[in-house]
Amino acid sequence: MSRTLPSSLYRGDEQYERERAGIFSSTWLYVAHESELTASGSYVATVRAGFPVLVSRGADGHLRGFHNVCPHRAGPLVHDGTGTASSFVCRYHGWVFEPDGALRGAR
């Protein structure tokens, strides 16, 4: 007779939080294929394992991933989805970030 893991390892809030902290927060997570981000300033924003993430293509052509929150007060920078922006502006206090993540200005 073969044995399987207990079903409690596949469900429940506690198990999800253990996996989120122990697995998903310490490894790469797929967000989008690079072909979806062709132009400078193009971005994809989504939530992965409870983390709001933002991937954008900088003017240098490199892809960069960030938490989709302003470091000042954790307000979202963009709505989930795709788009193109020359900068990302926090709607809470108006901090402005370049597509490469650099802070352009803070009010």
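The values are calculated or read from the model by the stated rules, or taken from the named source; none is laboratory data. Note that the structure is predicted; figures quoted are calculated from it, not measured. Methodologically, a virtual Cβ is constructed for each residue, glycine included, from the backbone with ideal geometry; neighbour enumeration extends over all protein chains shown. All accessible areas refer to the heavy atoms of the entire protein, side chains included, with ligands and DNA or RNA removed. Shrake-Rupley method; radii C 1.70, N 1.55, O 1.52, S 1.80 Å.
Before moving on, here are some points about what is shown:
- For beta carbons closer than 9 Å, sequence separation of 6+ or different chains, a first residue in the stretch 1-14 that is within 17 Å of Ala49 (Cβ to Cβ) and a second that is in a helix (DSSP H, G or I) and at pLDDT below 85, the qualifying pairs are Glu14/Ser8.
- For the stretch 70-88, residues that are open to solvent by 90 Å² or more (accessible area, probe 1.4 Å), in a loop (DSSP other than H, G, I, E, B) and either among the β-branched types (Val, Ile, Thr) or within 24 Å of Ser26 (Cβ to Cβ) (or both) total 2.
- Residue check, Arg91 open to solvent by 80 Å² or more (accessible area, probe 1.4 Å) and either without any contact (Cβ under 8 Å) to a residue 24 or more places away in the chain or under 10 Å from the mean Cα position of the chain (by Cα) (or both): yes
- Given (1) closer than 30 Å to Gln15 by Cβ; (2) assigned to a loop (DSSP other than H, G, I, E, B), index of the condition Ala39 fails: (1)
- Qualifying residue in the stretch 52-69 (condition: in contact with a Phe, Trp or Tyr (Cβ under 7 Å, 6 or more places away or on another chain), loosely packed, with under 14 Cβ neighbours inside 10 Å and not small (Gly, Ala, Ser)): yes
- Sole exception among (1) open to solvent by less than 90 Å² (accessible area, probe 1.4 Å); (2) farther than 23 Å from Asp80 by Cα for Glu14, by number: (1)
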